[in-house]
Each structure stands twice: as structure tokens, then as C-alpha cells.
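The values are calculated or read from the model by the stated rules, or taken from the named source; none is laboratory data. Keep in mind it's a predicted model, so treat the numbers as computed, not measured. Note that we place each Cβ from the backbone using ideal geometry, even for glycine, and neighbour counts take in every protein chain shown.
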Amino acid sequence: MIEEFFQGVISFLDSGPLLKALAIFILFFAVSKLLVYVSEKIILRLTKKTTTVIDDLIIERTNRPLSIILILIGLRIGIIPLGLDEKITNYIELALLALITLLIARIIIIIVEILIDNWGRKWAARTKSSIDDNLMSLMHRFAKVLLYIIALLIIIDSFGVEIGPLLASIGIAGIAIAFALQNTLGNIFGGMSLIVDKSIRAGDKVQLDADTVGIVRDIGLRSTKIKTFNNEIVTIPNGKLADSKIINHSQPDPSIRIIVPVSVAYGTDIDKLEKVLLSEVKKVGHFMKEPAPFVRFKAMGDSALQFNVFFWIESFEYAGDAPHEANTLIYKALSKNRIEIPFPQRVVHMKK
């Protein structure tokens with residue numbers, strides 16, 4: 001039966017150029033459909049057994065463009081038996097070449113997008129910023145535009161057009177665009193450096209200067225938003241932020257040290273005072289045992305002995321409440337233990 005089938009095909013191809021061309025086209029069309037079927041039913045089933053989803057996505061999204069390329073190749077081979085005029089044949093070849101080139105570019109774009117998405121998901125899992133989403137979108141667009149430009153240059157070259165001067169023009173235009181977008185590109189790369197260096201993250205408490213202290217709300221593609229404790233949003237270009245001195249209170253961990261100044265009268269028992277102070281700060285909410293609290297004798301002032309009490313709390317979120325609690329507890333304890341808190345005073349000696 002197989003021999004009879006092939007003999008029938010051969011006799012059909014010998015019957016005439018039109019039928020021969022039609023047979024070639026139908027054959028390639030059938031092969032293209034067979035490619036889609038095999039890739040979806042057999043190859044895809046095998047790739048699903050692997051640990052990565054990259055191969056699954058590539059097979060799913062490239063089988064149909066590949067089948068269209070096969071159909072176009074069959075169309076090109078199918079016109080040979082027709083014996084068309086050489087000019088017409090050349091035009092058809094150029095048109096088919098352009099379509100095939102664009103489809104190949106499309107397949108490469110699909111593969112690049114899948115790889116970027118897979119890498120981007122792993123990167124995004126380590127960040128809390130929206131810049132990764134913006135960068136993924138930017139990289140998608142850049143890869144797509146670049147590959148389509150390459151495909152277009154190949155098509156233009158196949159039509160016999162010199163692409164050397166065109167490339168020079170594109171290069172000059174690119175330099176001009178880069179100068180025009182200098183600030184924007186600086187902000188984009190500044191945002192990338194912030195993410196890569198991990199100097200700040202969304203949710204960190206940062207201080208840029210005396211007037212700019214707050215929580216990082218979002219690190220965008222061009223700018224970073226910081227919410228101050230006055231419920232204001234400060235937007236700073238990433239380029240400027242990357243070059244600024246940033247105090248990050250959330251790194252390496254959110255714990256923070258609190259300093260409470262205390263002044264007592266001359267003649268106070270310093271050892272007793274230290275025990276009272278350390279005892280009271282341990283009652284502050286979210287107090288940390290490690291590092292241990294301590295007291296430092298700062299100075300002998302004009303009218304009082306000046307001390308600082310140092311202790312740590314679990315997070316900067318409680319930094320506003322901790323000094324209030326500590327001052328309240330210390331004041332009550334000093335009053336209870338009859339430790340005087342002096343008013344500012346001066347001693348004047350009158351000479352007769």
C-alpha cells in the first residue's frame with residue numbers, strides 16, 4: 001500500500017505544474033500541522049517533566065510561528081514548478097523572505113521575553129520594590145525593538161539597499177536621544193543601583209537630611225517616594241538619591257538605640273542613680289535585653305550633673321513612644337527616691 005501511495009503521489013506531481021505546486025504546498029501545510037500536533041501532544045508532555053517551566057513556555061509559544069514559517073517555505077518551493085516570470089518570482093521571494101525574517105525575529109523575541117520573565121521573577125522575589133516590574137517592562141520593549149530593527153535591516157539589505165549610511169544615521173540619532181534623555185537615564189540607572197546595592201528597600205526608615213526623615217514607600221523606575229512622619233510624600237529622583245548620603249535606620253535590622261538625657265543635683269549618689277535609671281528603662285515597652293542598657297556620666301554642668309541613659313528597643317516603629325515612656329518612668333522614680341532635679345541656678349558671692 002505504501003508503494004502504491006508514493007506512486008500515486010509521483011503520478012500526481014507529473015500531471016501538471018499547477019497540481020505539482022498545489023501538492024507541494026499541501027505537503028508543507030500538513031507537515032506544519034503535524035509539527036504543532038507533535039509539539040503540543042508529545043514534546044510538551046516531555047518538557048513538563050523537567051524542573052523548569054522555561055522549555056514548556058518556549059514550546060507552547062513558538063510552535064505556531066514555526067508552522068507558519070514551514071507554510072511560507074512550502075509556498076516558496078511550490079511556485080518553482082509554475083515557471084513564473086523571473087521578476088515576479090523575485091518579488092514573491094522577497095516578500096516571503098521578509099515575512100520569514102519577521103517570524104524568526106518574533107520567535108527570538110518570545111524566547112528572550114520568557115528568559116527575562118523567568119529571571120525577573122527570581123529577582124522580584126528578593127525585592128519589595130515596583131522597579132523590578134518597570135525594568136522588566138523596559139527590557140521587554142528594548143529587546144523587542146532591537147530585534148525588530150535587526151530584522152528590518154536584514155529585509156532592507158535583501159532588497160539591495162545599502163544599510164551602512166542608515167546605520168550611521170541611527171547611531172547619530174541614538175547619541176542625540178541619549179543626550180536628550182540624560183537625566184531620565186541617570187534616574188533609571190540610579191534606581192537600578194539602589195536595588196542592586198540593597199542600600200534601601202520599601203518599608204525602610206531613612207534619613208536624608210534634617211527635614212527628610214520617613215518610611216520608603218516605593219522605589220520606582222525614575223523616582224523614590226518617602227512618606228514622612230507628618231504624613232507627607234517626598235518624591236526624590238533616583239539619580240539624586242543614589243548620590244546622596246542615606247542614613248538607613250532599618251539596616252542591618254530594625255532595632256534602634258534610644259538615648260534619654262537626665263540631669264540631677266550636685267551631691268546625688270551616682271551609684272544609686274545608675275541603679276534607678278537602669279531599673280526604670282527596662283520597663284519600657286519593646287525593650288531589648290541585648291545589647292544591655294547602660295548609663296554614662298556626660299558632664300558636670302553649671303547647675304546639674306548630666307547623664308545619658310542608653311537602651312535598645314525592637315524596632316524604629318516604637319522610637320516615638322519609647323522616650324516618652326522612659327522619661328515618665330524616670331521622673332516618677334527620681335521623685336520616689338528623693339533624687340533632686342535642679343532648676344538652672346547660679347551661685348553669686350557678694351564681696352564686702
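Being modelled with pLDDT of 75 or more, surrounded by fewer than 16 Cβ atoms within 10 Å (Cβ to Cβ) and part of a helix (DSSP H, G or I), is that true of even one residue in region 78-98?
Yes.
I'm told Asp117 meets every condition in (1) crowded, with 18+ Cβ neighbours inside 10 Å; (2) at pLDDT 70 or above; (3) closer than 30 Å to Asp204 by Cα; (4) not β-branched (Val, Ile, Thr) except one. Can you identify the failing condition by its number?
Unmet for Asp117, out of (1) crowded, with 18+ Cβ neighbours inside 10 Å; (2) at pLDDT 70 or above; (3) closer than 30 Å to Asp204 by Cα; (4) not β-branched (Val, Ile, Thr): (1).
Criterion first (out of contact with any Phe, Trp or Tyr (no Cβ under 7 Å at 6 or more places or on another chain), in a strand (DSSP E or B) and not charged (D, E, K, R)) does Ala333 satisfy it?
Criteria not met by Ala333.
Considering only residues of region 323-352 that are among the small types (Gly, Ala, Ser) and in contact (Cβ under 8 Å) with a residue 24 or more places away in the chain, which is surrounded by the fewest Cβ atoms within 10 Å (Cβ to Cβ)? Spell out the reasoning first.
Filtering region 323-352 for residues among the small types (Gly, Ala, Ser) gives 326, 333, 335.
Subsequent filtering for residues that are in contact (Cβ under 8 Å) with a residue 24 or more places away in the chain retains 326, 333.
On the way: Ala326: 25, Ala333: 16.
Only one residue fits best here, namely Ala333.
Restricting attention to region 232-239, does a residue exist that is of a type in the set (A, V, I, L, M, F, W, C), at pLDDT 65 or above and either exposed (fewer than 12 other Cβ atoms within 10 Å of the Cβ) or under 30 Å from Ile92 (Cα atoms) (or both)?
Checked region 232-239: at least one residue is of a type in the set (A, V, I, L, M, F, W, C), at pLDDT 65 or above and either exposed (fewer than 12 other Cβ atoms within 10 Å of the Cβ) or under 30 Å from Ile92 (Cα atoms) (or both).
How about region 214-324: which strands (runs of 3 or more DSSP E) wholly inside it have at least 2 residues that are under 43 Å from the mean Cα position of the chain (by Cα)?
223-228, 233-237, 256-264, 305-313
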